[in-house]
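Chemist: This is the structure, below, for whatever I ask next.
The values are calculated or read from the model by the stated rules, or taken from the named source; none is laboratory data. Here the structure is a predicted model, which is why all the values come from computation and not from measurement. Here the Cβ positions follow ideal geometry from the backbone for every residue, glycine too, while neighbour counts run over all protein chains shown. These accessible areas exclude ligands, DNA and RNA; they are computed on the full protein's heavy atoms, side chains included. Shrake-Rupley method; radii C 1.70, N 1.55, O 1.52, S 1.80 Å.
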Amino acid sequence: MRKSILPSEIMKSFVRLLFSFSFLLILFPADAQRKLASYQKYINTYSALAVKHQQKYKIPASITLAQGLLESGAGQSQLARKSNNHFGIKCHSDWKGRRVYHDDDKRGECFRKYKKVEDSYEDHSRFLTERSRYAELFKLRVTDYKGWARGLQRCGYATDKGYANKLIKVIEEYELYKYDSKGGGRSVKKAAAGPVIRRTVYKKGGLLYVYAEDGDTFESVAQDTGFKAKQLRKFNEVPAGFPLEKGDVVYLQKKKGKADKPDYTHTVRSGESMHSIAQEYGIRINNLYKMNKKDPAYIPEEGDVLKLR
């Protein structure tokens, strides 16, 4: 005779299963968990326009898209839906167009109103190119989205002290940096053919790594170090197409679960992401989230103190 299972036992098993599943989601977040359909729809709708503006105004398409996503709530904010203002640009004394009033830092602030979304994109590009306080940004490479993000915060585009880090998280999570190359911003270094070319390999805390050179890709680094590009992307926890900048650390083996002594904590700086912090200390990203009891939606804000071990 088959042993019967009590309802209480079934419930206990169900709870254990649910807990295990939830724990796995936190540790191993899938793209479907992180990415919002509304964000992807916005990107699909306006990416071509952002690339067009990069070609015309030399503003990274990734920055334009990230600002549009954040400032307009992926086009769903009241200001975006009723006034086609996707970048939160206020009236200012030189604005002669239509206007609308919303509560922001203060009550009843004046914001610009546009006939169509394209006008908002055009005004955003002109807003950045025609104001002297943003002039320093145009000295940066159009592929340097991190520099642009830090610069926008430093120049006062937004009062949020976490603004740069939010832009970077959106750009990396939705791979918006790919659109910067479509805008003609980067001359990619091709992998050399033939035998392996030696690079200087460094070692810190038992981890082997090299520094990216100007124009590098994971393919060119792989060719020069005898690895496959897929292996290097796995070690460094990035998707295909992730850009490298000169001086970036590229690990040649799997990163650790925690930082080496005496690195116990890290104080977040402007323009950092969980990935860049993990790279700095050679820690796997999931471990960094876990040690700090953060979920994948967390955006490190300037001044936050994160545990490293």
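Chemist: Quick one: if you stick a label point 7 Å off each Cα along the C-beta vector at Lys82 and Lys290, how many nm between them?
Modeler: A separation of 4.7 nm, rounded to one decimal place.
Chemist: Go ahead and run the numbers for FRET between Asp94 and Glu245, Cβ-Cβ distance against an R0 of 41 Å, rounding to 0.05.
Modeler: The formula returns an efficiency of 0.70 here.
Chemist: On to the next question. From the phi of every residue in region 100-109, what ³J(HN,Hα) in whole Hz does the Karplus formula 6.51 cos²θ - 1.76 cosθ + 1.60 yield, where θ is phi - 60° and glycine or proline is x?
Modeler: 9, 10, 9, 7, 9, 5, 10, 6, x, 6
Chemist: Give the ranking of Val100, Val221, Val305 by solvent-accessible surface, highest area first, calculated with a 1.4 Å probe.
Modeler: Most to least solvent-accessible, the answer reads Val305, Val100, Val221.
Chemist: Expressed in nm to one decimal, what extension gain is obtained for the pair Arg133 and Lys230 from 0.36 nm per residue of sequence separation less their Cα-Cα distance?
Modeler: 30.8 nm
Chemist: If amide H atoms are built 1.01 Å from N in the plane of the peptide, which residues on other chains or at least 5 residues away come under 5 Å of the amide H of Glu109?
Modeler: For Glu109, whose amide H was placed from the backbone, the distant partners under 5 Å are His102, Asp103, Asp104.
Chemist: Suppose each label sits 7 Å from its Cα in the direction of the beta carbon; what would the Lys204-Lys161 distance come out to in nanometres?
Modeler: Taking the simple label geometry, Lys204 and Lys161 are separated by 2.6 nm.
Chemist: For region 150-309, calculate the relative contact order in percent as a whole number, restricting contacts to Cα pairs under 8 Å that are 6 or more residues apart.
Modeler: 24
Chemist: Evaluate the Debye formula for region 34-138 with equal point scatterers sitting on the alpha carbons, no solvent, and hand back log10 of I(q)/I(0) at q = 0.13, 0.20, 0.24 Å⁻¹, in q order, two decimals.
Modeler: Listed by q, the Debye log ratios stand at -0.46, -1.07, -1.38.
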